[in-house]
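The values are calculated or read from the model by the stated rules, or taken from the named source; none is laboratory data. Every value quoted in this text rests on a predicted model; they were computed, and no experiment measured them. Virtual Cβ from ideal backbone geometry, glycine too; neighbours counted across all protein chains shown.
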Amino acid sequence: MEGVKNNTLTKDKFSLIRKMVEKNGYKFTKQRKLILEQFFLADRHLSVEEIYQRLKKTSMGLATVYRNVKIFSSIGIVKEIVVDGVSYYELKIYSKKPLHIHFQCVKCNDIIDIDERKVALEYLKVNKAIEDMNDLDIYDVNIMLIGLCKRCREVNECQDR
């Protein structure tokens, strides 16, 4: 398993995460670092099972992965997205896309980030209006669009011919 490149930026990121973990009363263990590395290495949302499969050569157990991902979620390091009863996780801090909408394909179950600038700006307007009309402070949002992704739609169109 190839780890995250050991550069100054990565060290700074892990330093902040270490502080968050320790501030919440947990130790920053080797296992926690290995699990977090998977989020930096992944280019998509990960389930606990997928993280476990990536790390099972390290003799880490599924329960350890599950327990630590739940801890990371509870302290705001990762964000949980539930699709058809399966939890997927993405790095919440250091996300290059602080506001984005998710799309789930009903055929292949892929989760795709929708992060176009125009859509995000329109959402911010809606968010502000909801806060103002209802005297609320909104901290986070989960928007999941559901349909067919481009790949599955093209396969369907080919099969219909």
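List of remarks:
- Residue check, Leu99 of a type in the set (A, V, I, L, M), assigned to a helix (DSSP H, G or I) and modelled with pLDDT under 90: no
- Residue that is modelled with the lowest pLDDT, among those in region 54-81 that are under 20 Å from Ile138 (Cα atoms) and of a type in the set (Gly, Ala, Ser): Gly76
- Checking the stated criteria, Asn24 turns out not to satisfy the condition of being farther than 29 Å from Arg151 by Cα, surrounded by fewer than 18 Cβ atoms within 10 Å (Cβ to Cβ) and modelled with pLDDT under 85.
Each row is one residue, and each column tells you yes or no for (1) more than 17 Å from the chain's Cα centre (by Cα); (2) aromatic (Phe, Trp, Tyr).
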{"site": "Ile51", "(1), (2)": "no, no"}
{"site": "Lys57", "(1), (2)": "yes, no"}
{"site": "Tyr66", "(1), (2)": "no, yes"}
{"site": "Ile71", "(1), (2)": "no, no"}
{"site": "Val82", "(1), (2)": "no, no"}
{"site": "Glu90", "(1), (2)": "no, no"}
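- Region 131-150, subset surrounded by 12 or more Cβ atoms within 10 Å (Cβ to Cβ) and at pLDDT 85 or above, residue nearest to Ile111 (Cα to Cα): Cys149
- Evaluation of Asp84 against the conditions (1) at pLDDT 85 or above; (2) surrounded by fewer than 10 Cβ atoms within 10 Å (Cβ to Cβ); (3) within 28 Å of Ile51 (Cα to Cα) shows that the sole unmet condition is (1).
- Qualifying residue in region 54-77 (condition: in a strand (DSSP E or B) and free of Cβ contacts under 8 Å to residues at least 40 places away in the same chain): no
- Asp12 being part of a helix (DSSP H, G or I), out of contact with any Phe, Trp or Tyr (no Cβ under 9 Å at 6 or more places or on another chain), surrounded by fewer than 16 Cβ atoms within 10 Å (Cβ to Cβ) and modelled with pLDDT under 85: yes
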